[in-house]
Amino acid sequence: MAAAISISNLIKSFGRTRALDGLDLTVQGGEVHGYVGPNGAGKTTTIRILLGLLRGDEGHAELLGGDPWNDAVALHRRLAYVPGDVNLWPNLTGGEIIDLFARLRGGVDRARRDDLLQRFDLDPTKKGRTYSKGNRQKVALIAGLASDAELLILDEPTSGLDPLMEVVFRDCIQEVKAEGRTVLLSSHVLAEVEALCDRISIIRLGRVVETGSLAELRHLTRTTITAEVAKPATGLAELPGIHNLQTEDGRISFDVDTGRLEDTVSHLAGLGVRALTSHPPTLEELLLRHYGDEPAQAQEAVAEGSS
Amino acid sequence: MTSLTGTTRLIRFILRRDRVRLSVWVLAIALSVLGSVASFAETYPTAADRQTRAEVLDNPAGQLFIGPGYGSDNYTYGAMTANEMLPLAAVAVALMSIFLVVRHTRAEEENERAELVRAAPVGRLAPLTATLTVAVGAQLGLAALLTIGLPASLEGLSTTGSLAFSTALAGVGVVFAGLAAVAAQLTVAARGAIGIASMAVGGAYLVRSVGDMNDTALKWVSPFGWATEMRAYVDERWWPFLLSVALAAGAVAVAVAINRQRDVGFGIIAERPGPPRAARALGSPFGLALRLQRATLSWWGVSFFVLGLLYGGIAQEAASLYEDIDALEDYLVRIGAADPADQYLALTASVSALMAAGYVIQSVLRARSEEAALRAEPMLATPVGRHRWLGSHLMMALGGSIVLLLAFGLGTGIARVISTGDAGELPRLIGAALAYAPALWVFGGLAAALFGLVPREAAAAWGVLAVIAFIGFLGPILQLPDWSYDLSPLEHVPTLPVADFSVAPELVLTAVAAALVGLGLVAFRRRDLQT
Ligand SMILES: Nc1ncnc2c1ncn2[C@@H]1O[C@H](COP(=O)(O)OP(=O)(O)OP(=O)(O)O)[C@@H](O)[C@H]1O
Ligand SMILES: [Mg+2]
């Protein structure tokens, strides 16, 4: 399938802050694409440009084969959006707001709407100003999910939802995926991203620093290994690609660049392994490397690993 | 008194946040009064000049828009100051109190900042107490400025009179601070609280004018009446100020009682559940704009109709009084010897058009508040283009202006048909009101253009309206040059029913409005959404 979203070298500044600084992002048709990164990295800005609400300063952005700024109205017929900051009209009820958005997109699918109301356990007769934060979020979510748009753009759609509703949300996205529709999911809930997304892009300081499936991202980074060995762990520290080595009477643990795994394991074999556990980095570990203050180190590791 | 914990800190915080806003309000009111008063010496150098002025104003229309006319028989500078400056300054002071109080009480709760504040060690009543303290302080500051400034601005203004003038003003300010505090307890929305309190201002002003016009006890029902009844510079009486203090204290007691009971973020007017599904009309950007603004428009419409009935009803009486005044009679002859009742009706039509401009501006700026509150964003992410979205709000504003003028014309027309028995008055007066529509559209266009070009400063449209109102009301007193009147679009409308209708100025106004609207639409289409 063709790319649903393709962005290259996109730049956007607000006065002196450079929110996007040469961003590249590709979302394939039919995939659920996770978009993660620290606060202020530029996720919402990217989405607003894709929706034609902001205009990029430089670079190229294409959405469903059209130009997000010039073809906004035509493109919006084919997508649904759930904003991160949900502000409802204080004196409209949730039901009215959901219907309004459905009609603006072409019509209300009663069955689907009622089904979603029930699954998300939302009272549609309350006024906008009386909903709790999570319930405000549900109104926006239902309004987005009730459409059969081919592309869903979701900006932190589950912030404020309780765990039960989080499960309902995941089910809904699985259904969307099964129908072959495309989803761009910006989120800070990593478990959600891990469970739902085919591919992930990590953004930091206005640039996408890594993109790929979770497996690919893991491959580019380190595996954590813990082992009990019979002999003293000599020579290990000198091997290339070993990090955070700790030894404590026969128990050793370290991280190893995934590209160096083979050498490392054969070296371990020579030490008389009694027990061995290894686990791939969790998404959280992966991300923390990018979120922290040491992006240079993380990027170095990536470069090394992929060479 | 743990419920007051943190009050001092909050007072400092409010002063810090509002140091510019508050200074602008106080200085603007003080300087308007002092500047106008200072110009009296030049405009009315002799006692005879002042006496002529007194005669011109001594009629129902004068009592309606200006003051009750104490001291008309010996119209000193002092009497002039009290009669011509006090009533309008009192409205300004009332509005200052309302905006200040609602902004720091209900508006804070509505945007949920109050929760942050109350989560800190701050007592239940602290925000209200702090706000009222600042509001009263602002009134005292203004009163001090005026008490010192008035005698300095114009020789012949006594210190006692100036003190009475300032006290009267402060009385009004304090009363409406109290009433605004009550209004802020009632609704959940700040907009609603301001609406209720502003209606109290309008109602009180109306009651005062009707009371003064017929010199009935009705004027004693209104805080504005208490201010003018202090008879500053003429025959000072201090006890009406006690009425203001008593009402203010009563209002504050009610506000405090409610505030003590209710939950943060909630009002007294309970939220009822609404329809689970949208009505058919709520399916387009215009349907939404209509839904958001219909309540406001209805209130304005009803008010304009009632205002029209009132003006139409007293036109005859006003006219008969005109005829007794030689100076005015001469004036009427000079400009074409129209029927005095028509003169009066033409004047009221232009004044209501000025008020309607306020509706038009706030209605256009609704688009701005939607944008700033991030509610435009999801709308514009649906297949609704920028032009269609903004156009819907503009339709409410420009179409709404026609509704208001129609309501006003209907009101004056019906009242005149009843009093004259001439059915022809109705279409004639509706026409006279509708003639102002293109001028109102220019105000709408101005707000739209500002919204498109400089969204964060779009509220400057209010500044333009304020300047135009200032010139309109005080221009004759300040003897401003003629061209300054021409700045107002309203000035170019043929003054029906006195003058004949002419189509050229209407077309020019419509063209200017269209150009401004076009500019606003194009500029909005080309810019980023901004919070
Ligand atoms: N309208 C604006 N004016 C000025 N700066 C802005 C504006 N909008 C965003 N920014 C800045 O651009 C940067 C990117 O912000 P953005 O909202 O895209 O981040 P984000 O990745 O969505 O963060 P979060 O996870 O907190 O939602 C931030 O530094 C932000 O302060
Ligand atoms: Mg964001």
Fill in the blank from the handout: Mean per-residue count of partner chain Cβ within 10 Å for B:285-295 equals 2
Handout entry: Listed pairs A:LYS43/A:LYS126; A:LYS126/A:LYS177; A:LYS12/A:LYS177; A:LYS43/A:LYS177 exceeding 29 Å between Cα atoms
Key = A:LYS43/A:LYS126; A:LYS126/A:LYS177; A:LYS12/A:LYS177
Handout entry: Share, in percent, of DSSP beta bridges within chain A that are antiparallel, nearest 5
Key = 70 percent
Exercise for the section: Mind grabbing the accessible area of A:SER8 for me, 1.4 Å probe, Å², rounded to tens? Expected result: 50 Å²
Practice task
Can you pull a Stokes-Einstein diffusion coefficient for segment A:222-280 at 10 °C (1.306 mPa s), Rh from Kirkwood over Cα pairs, as a whole number of µm²/s?
Solution key: 143 µm²/s
Problem - Accessible surface, segment A:72-171, averaged per residue in Å² (probe 1.4 Å) - result: 37 Å²
Completion exercise
Toy charge model, Lys and Arg Cβ at +1, Asp and Glu Cβ at -1: segment A:222-280 dipole around Cα centroid in debye, rounded to 20, equals 100 debye
Practice task
Report in % the part of the accessible area of the protein assembly as shown that belongs to carbon and sulfur, leaving out ligands and nucleic acids; probe 1.4 Å.
Solution key: 59 percent
Exercise for the section: With viscosity set to 0.692 mPa s and temperature to 37 °C, compute the Stokes-Einstein D of chain B, Rh being the Kirkwood radius across alpha carbon pairs; µm²/s, no decimals. Expected result: 133 µm²/s
Handout entry: B:ARG21 accessible area, 1.4 Å probe, all protein chains in place, Å² to nearest 10
Key = 120 Å²
Problem - Alpha carbon centroid spacing (whole Å) that separates segment A:1-55 from segment A:114-160 - result: 24 Å
Problem - √(5λ) per eigenvalue of the Cα gyration tensor, segment B:413-531, largest first, Å - result: 32, 19, 13
Completion exercise
Treating every alpha carbon of segment B:178-226 as one equal point scatterer without solvent, the Debye formula yields log10 I(q)/I(0) values at q = 0.17, 0.24, 0.33 Å⁻¹ of -0.52, -0.75, -1.06
Practice task
For B:LYS219, list the aspartates and glutamates whose Cα falls under 16 Å from its own Cα; do not include residues on the same chain fewer than 8 positions away.
Solution key: B:GLU229
Exercise for the section: Quick one: which residues, 5 or more positions from A:ARG204 or on another chain, have an amide H under 5 Å from its amide H? H modelled 1.01 Å from N in the peptide plane, none for Pro or chain starts. Expected result: A:VAL209
Problem - Heavy-atom accessible area per residue - chain B, 1.4 Å, Å² - result: 41 Å²
Practice task
For segment B:480-510 and segment B:49-109, write down the distance between their C-alpha centroids in whole Å.
Solution key: 27 Å
Exercise for the section: Express in Å², to the nearest 10, the accessible area of A:ASP198 obtained by rolling a 1.4 Å probe over the protein heavy atoms while all chains stay in place. Expected result: 60 Å²
Handout entry: Neighbour net charge for A:LEU64 - beta-carbon separation under 11 angstrom, K R +1, D E -1
Key = -2
Practice task
Quick one: Debye curve from the alpha-carbon atoms of the protein assembly as shown only, equal weights, vacuum; give me log10 I(q)/I(0) at q = 0.08 Å⁻¹ to two decimals.
Solution key: -0.83
Completion exercise
Of A:HIS279, B:HIS104, ordered by accessible area with the largest first and a 1.4 Å probe, the sequence is A:HIS279, B:HIS104
Handout entry: chain A: angle of helix A:133-145 to the longest principal axis, Cα-based, in degrees nearest 10
Key = 80 degrees
Practice task
List the accessible area buried at the contact between A and B, summed over both sides and calculated with a 1.4 Å probe, in Å² to the nearest 100.
Solution key: 3500 Å²
Fill in the blank from the handout: Accessible-area loss of at least 20 Å² in the complex relative to the chain alone (1.4 Å probe) applies, within segment B:505-529, to B:ARG525, B:ARG526, B:ASP528, B:LEU529
Exercise for the section: Have a look at segment B:263-281 and report residues whose accessible surface goes down by 50 Å² or more when the remaining protein chains are included, against the chain on its own, probe 1.4 Å, ligands and DNA/RNA excluded. Expected result: B:GLU271, B:PRO276, B:ARG277, B:ALA278
Practice task
Can you grab the distance from the C-alpha centre of segment B:132-178 to the C-alpha centre of segment B:242-283, Å, no decimals?
Solution key: 31 Å
Fill in the blank from the handout: Rg from C-alpha atoms of segment A:3-217, normalised by the globular rule of thumb 2.2 N^0.38 Å, equals 0.99
Completion exercise
Total charge of the residues flanking B:TRP226 in space, meaning their Cβ is under 13 Å from its Cβ, with Lys and Arg +1 and Asp and Glu -1, is +2
Handout entry: Principal axis dimensions, largest first and in whole angstrom, of segment A:157-217 by Cα
Key = 32, 27, 18
Completion exercise
Answer in debye to the nearest 20: the dipole magnitude of segment B:281-531 about its Cα centre, from +1 Lys/Arg and -1 Asp/Glu charges placed on Cβ, is 1740 debye
Fill in the blank from the handout: Mean per-residue count of partner chain Cβ within 10 Å for A:84-90 equals 5
Problem - Peptide-level mean, for A:103-115, of C-beta atoms on other protein chains within 10 Å - result: 2
Fill in the blank from the handout: In terms of the alpha carbon gyration tensor, root eigenvalues a ≥ b ≥ c, rounded if a/c is under 1.5 and otherwise prolate when a/b exceeds b/c or oblate, segment A:1-87 is rounded
Handout entry: Dipole magnitude (debye, nearest 20) for chain A, charges at Cβ of Lys, Arg, Asp, Glu
Key = 1080 debye
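The values are calculated or read from the model by the stated rules, or taken from the named source; none is laboratory data. Here the structure is a predicted model, which means the values were calculated and not measured. We place every Cβ from the backbone using ideal geometry, glycine too, and count neighbours over all the protein chains shown. Ligands, DNA and RNA are excluded from the accessible area calculation, which covers all protein heavy atoms including side chains. Shrake-Rupley method; radii C 1.70, N 1.55, O 1.52, S 1.80 Å.
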